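Comments concern the structure below.
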Amino acid sequence: MMRKTRRLPVAAITTDVISAALAIWVLATVAGQHPNHNFDRIRIFDRASVFLPNWRFFAPIPASKDVVLVHRVRRSGNVSDWEYTHTAPSRTLLHVFWFPQRRVDKGVFDVVGRFLRTVERIGTGYESSAEYRLLRNFVKRRVQELNPDANDLDSFQFAIIREAGYESEPVEEIFVSRKEDLRDEQVAARPD
């Protein structure tokens, strides 16, 4: 008696092959995210990360501290305490879809980063750099927004600090600006 061999349908074979290929692709993608670069051997055939995405661009060590811009003002000879120049508004559900104010945070973060690299590169003379002028003008505008009718403001000063967001962690001072005069500009801007 002859045995009949049963042939698997093509659809079942195709499904098994596709499932196996997807499983191998998922495992290779997960292995490719490992911080140990020995796992990068998987990427030998995909140097451009087209088929095996590389999500390690988020950072091997996530940021644990924030860089913050603070300022203080001199009013009638008295210097105020340091206060935050810009704070992000409280998040709402709408911010998942629309949050243009977040761009201000990103812009400040980028300008601060570029400014610190400029200071490191050129040392003295940073006051004439575009980054310093951007930060100074941003803080000046913010000071004027917070004190719209204060004619007794003499000057302001800003600082870049690094903080962890916890009161138990010390604040690290990265940069403190020179005293920036406000009085002359306010008088010149006042209509006669």
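The values are calculated or read from the model by the stated rules, or taken from the named source; none is laboratory data. Predicted, not measured: the structure shown is a model, and the values here were computed from it. No Cβ is skipped: glycine too gets one built from the backbone with ideal geometry, and neighbour counts run over all protein chains shown. All accessible areas refer to the heavy atoms of the entire protein, side chains included, with ligands and DNA or RNA removed. Shrake-Rupley method; radii C 1.70, N 1.55, O 1.52, S 1.80 Å.
Which residue is most open to solvent (accessible area, probe 1.4 Å), if the candidates are limited to the range 131-153 and must be hydrophobic (A, V, I, L, M, F, W, C) and under 18 Å from the mean Cα position of the chain (by Cα)?
Pass one, the range 131-153, residues hydrophobic (A, V, I, L, M, F, W, C): 134-135, 138-139, 143, 146, 150, 153.
After this cut, where a residue has to be under 18 Å from the mean Cα position of the chain (by Cα) as well, the list is 134-135, 138.
Numbers: 134: 103, 135: 4, 138: 42 Å².
The qualifying residue most open to solvent (accessible area, probe 1.4 Å) is 134.
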Taking the range 56-87 and keeping only residues that are in contact with a helix residue (DSSP H, G or I) (Cβ under 9 Å, 6 or more places away or on another chain), at pLDDT 75 or above and not in a strand (DSSP E or B), one is left with 85, 86
Residue pairs within 6 Å by beta carbon, gap of at least six or interchain, first lying in the range 96-113 and assigned to a helix (DSSP H, G or I), second among the β-branched types (Val, Ile, Thr) and surrounded by 14 or more Cβ atoms within 10 Å (Cβ to Cβ), listed first then second, are 112/67; 112/160
With criteria (1) more than 12 Å from residue 69 (Cβ to Cβ); (2) outside any helix (DSSP H, G or I); (3) of a type outside the set (Phe, Trp, Tyr), residue 160 comes up short on (1)
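Out of 96, 50, report the one residue that is farther than 26 Å from residue 178 by Cα, open to solvent by 60 Å² or more (accessible area, probe 1.4 Å) and within 24 Å of the chain's Cα centre (by Cα).
On the way: 50 fails: within 24 Å of the chain's Cα centre (by Cα).
96 is the lone residue from the list that is farther than 26 Å from residue 178 by Cα, open to solvent by 60 Å² or more (accessible area, probe 1.4 Å) and within 24 Å of the chain's Cα centre (by Cα).
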